[in-house]
1. Setting aside same-chain residues fewer than 8 positions from K139, which lysines have a Cα under 19 Å from its Cα?
2. Would you report the distance distribution of C-alpha pairs in the stretch 118-179 as whole percents per 5 angstrom bin, up to the bin with the largest distance?
3. I need to check one value: relative contact order of the stretch 54-249, counting alpha carbon pairs closer than 8 Å and at least 6 residues apart, in percent.
4. Any idea what the relative contact order of the chain is, in percent, if you count C-alpha pairs under 8 Å spaced at least 6 apart?
5. If you place +1 on the Cβ of every Lys and Arg and -1 on the Cβ of every Asp and Glu, how big does the dipole about the Cα centre of the chain come out, in debye to the nearest 20?
6. Give me the angle, in degrees from 0 to 90, between the Cα long axis of helix 252-271 and the longest principal axis of the Cα atoms of the chain, rounded to the nearest 10.
7. Which distance in nm do the two modelled labels at A250 and E165 give, with both placed 7 Å along the Cα-to-Cβ direction?
8. What percentage of all Cα-Cα pairs in the stretch 1-115 are separated by more than 24 Å?
Amino acid sequence: MKPTLQRPVVFKDSLSAPVVSPIMPSVVYASKTPDELDSQYAGEAHGYTYAREGHPNADILAQRIAMMEGMQGGIITGSGMAAVSAALMGLCENGDHVVGGNQLYGRSLRLMSEDLPRYGIETSLADTTNAQAVAEAIKPNTKLVLVEIVSNPTIRIADLDGIAEVCKEKGVLLVVDNTFTTPAALKPVEHGADIVLHSVTKLLAGHADVTLGWVCAKDPALMERMTIYAVTHGLTASPFECWLAERGLATFDLRYQRAQQTAQRLADAFAEMPNVKRVVYPTRQDHPEAARAQSLLQGRGANMVSFEIEGGRAQANAFTEAASELAFAPTLGDVGTTISHPNSSSHRNVPEADRLANGISEGFFRVSVGLEDPDAMIAAFTKGLKAAQEVSE
Ligand SMILES: *Cc1c(COP(=O)(O)O)cnc(C)c1O
């Protein structure tokens, strides 16, 4: 059979334009001449060549997230961890030192404690609720400080302004993972961050159907180093996933507002529920950084609530089993509410003494509040907690 010569179909005959970004799955882009291709590679003309190096759907998504963060561009990576890797591995060299928050996302902690040292990059962890502790961890060879403003799952609030001041004074880059906090509550560049990153998988995409990340530096030279690292190490993402996330972003603000409203109400309801020992939510008076939540987050408590129940594993099992209308699943930022139990998931490999020092006991749960009816949610939680209470020790 004779192969046909296929050229792409380009719809140039419509006067009107689509209102939704098209998905452009092409892996390669054809150029007219070697001269033109050369000028693209040299950065003299804009154009795409190969999808791992860049494609329109990634650029559209990156620019949309950048606008939300008050930044320019950035790169889309295949996951949030790929964004963390692009920042840490793309910018540090053998002999550098990195300071990270001691309550970072579990995989970021692993990257800090297990992987960076294998490449000759030293790391230290510090309590980011205390800028002085971060200042004391900084050494002459410290390249950057990695901070999450609201910690997972303990919902503690970092002294971002204090840390930014320390970083500026010592000439150290400040990298903020803004996944938990989101630009709806705070834009880290307005508080002195040099690099901002996201697990787009969570609230930004918001539907638990796509795994992506984004990372952006203010300084174009740093941006270029992270981009080269991401492209060479294959951390970039597919067009379809970028398109799905762009669709999710369209409703981010509405989802955030609604989830926050419900979370606030739920936090107060938890405090009255059977068997609950402790509730952690930024806008509650009993939060350890209640004043900072007001000044830094301007009273935005966001969508995450943690609480601790009386008892051990048996009570924890009874609770999730009886609250079966709510997904017991270790993720966050989805349109559906998810309950996570750090002891059996994200923190299972953290030594018990360290877990307990942060209040993460067998009875500790983290809730990512979704968009379901708040009354139905309260009823499901109440049922679960009653079941936990009925378990005899
Ligand atoms: C989920 C998460 C990540 C990792 O993102 P993935 O998309 O799962 O790779 C990083 N940081 C924070 C704060 C997260 O919640």
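1. K168, K170
2. Spelled out per bin, shortest first, that is 4, 18, 31, 25, 14, 7, 1.
3. 30 percent
4. 16 percent
5. On the way: 33 positive and 46 negative charges, 103 e Å.
Magnitude of the dipole: close to 500 debye.
6. Compared with the principal axis, the helix lies near 10 degrees.
7. 4.4 nm
8. On the way: 3402 of 6555 pairs.
Across the stretch 1-115, Cα pairs with separations above 24 Å total 52 percent.
Values quoted throughout were computed directly from the atomic coordinates according to the rules given, and no laboratory measurement underlies them. Because the structure is predicted, anything quoted here is derived from the model rather than measured. Here Cβ is always computed from backbone atoms with ideal geometry, including for glycine, and neighbour counts include all displayed protein chains.
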